[in-house]
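Written out below as structure tokens is the structure these notes cover.
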Amino acid sequence: MTCKCEDIKDCFVIEARMALPNQYFVGRIGSKWIIAMRDKKKLTGLKCDKCNITYVPPREHCNKCGATIADNWVDVGTTGEIVNFTIVNYNDKHLPKKAPYILGQIKLDGADTPLTHIVADVDPADVHVGMKVKAVFAEGPVNTLMQLDHFEPV
Ligand SMILES: [Zn+2]
């Protein structure tokens, strides 16, 4: 962007932070996914039978063939394996936990795509790709992805 001030020394930039409260609808599929966690303590996904791919988190269309798979729900395991992870080392009020904590990509048993979530009850120095983990659900209704509170080592 070009400054249109007559003289650049009269142009000012003020550094600020903006709070931006927001909300969004997680959609019919996201809602159904969270309800299964909340009411049945189970994890589900959407499967494309043609491609034999089960998506967790669930998605309306197959990423490979584009077919609508919105009604082809399948149960997946509440256990899985860490396929990637990072250690979050900074605090921000928008983050779900105080640092340091582990954010893992977990491929659940029966799923073909990884779910990114918090991995707890393990020292960050001990977490590794291939580690077997299990889902721990929130006690009461949360009605967000945090209905699945975290994963922990099996
Ligand atoms: Zn497909």
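Would you check which residues across region 27-51 are touching a residue at least 40 places away in the same chain (Cβ under 8 Å) and part of a loop (DSSP other than H, G, I, E, B) and list them?
The first filter runs over region 27-51 and keeps only residues touching a residue at least 40 places away in the same chain (Cβ under 8 Å), leaving 28-29, 32, 34, 37-38, 41, 43, 45.
Correct list: Lys41 only.
Taking the conditions exactly as written (within 26 Å of Cys48 (Cα to Cα) and small (Gly, Ala, Ser)), does Ala111 satisfy them or not?
The answer is yes for Ala111.
Restricting attention to region 61-103, and to residues there that are under 16 Å from Leu43 (Cβ atoms) and within 16 Å of the ligand (Cβ to nearest atom), which single residue is farthest from the chain's Cα centre (by Cα)?
Asn72
Working carefully through the options Asp75, Asp126, find the one that is over 25 Å from Gln23 (Cβ atoms) and either in a loop (DSSP other than H, G, I, E, B) or touching a residue at least 40 places away in the same chain (Cβ under 8 Å) (or both).
Result of the check over Asp75, Asp126: Asp126.
Looking only at region 105-123, which residues are touching a Ser or Thr at 6+ places or on another chain (Cβ under 8 Å) and part of a loop (DSSP other than H, G, I, E, B)?
Asp109, Gly110, Ala111, Asp112, Thr113
Any read-out appearing in this document is the output of simple, stated calculations on the displayed coordinates, not a laboratory observation. Being a predicted model, the structure only gives us computed values, none of them experimental. Because the Cβ atoms are built from the backbone with ideal geometry, glycine has one as well, and the counts that use them run over all protein chains shown.
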